[in-house]
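Presented below is the structure to which this report refers.
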Amino acid sequence: MGTNGNNGTSSTNDLSVPQALELARESEQGAENPAVIRVLENAIETIWGKLQAEPTSYVMTREEFAVFNYFQRRFEGHELAVDARRRYWDSFQGSTESG
């Protein structure tokens, strides 16, 4: 009654970004899996596009920051990346300023 071509693993066609990120961080096999790579590359392209569209104001979500952090070496030396990281962390401290 039907075939199971997954060999006990879930389909990688329906991976969410958090699932792909977890697989990539857990093992080399996960990091080299074409489906994982595709999901994460699509995510980082979208995130980078948002940052370029709003270079001084866009604040990444927690999920976006996790993906951005995974690809941090790709953006070494980019002022836009440094500023984006700072805005992300500053967004948690915005109401703690005294003055």
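Each value in this text was obtained by applying a stated rule to the coordinates, not by laboratory testing. Since this is a predicted model, take the numbers as computed values, not measurements. FYI the Cβ positions are ideal-geometry reconstructions off the backbone, even for glycines, and counts take in every protein chain you see.
Some observations on this one:
- Extension gain, residue 22-residue 79: 0.36 nm per intervening residue step, less the Cα-Cα distance, totals 17.8 nm.
- Extension gain from residue 87 to residue 41, taking 0.36 nm per residue of separation minus the Cα-Cα distance: 14.3 nm
- The packing ranking of peptides 32-38, 15-21, highest mean first, is 15-21, 32-38, where packing means the average number of other beta carbon atoms within 10 angstrom of each residue.
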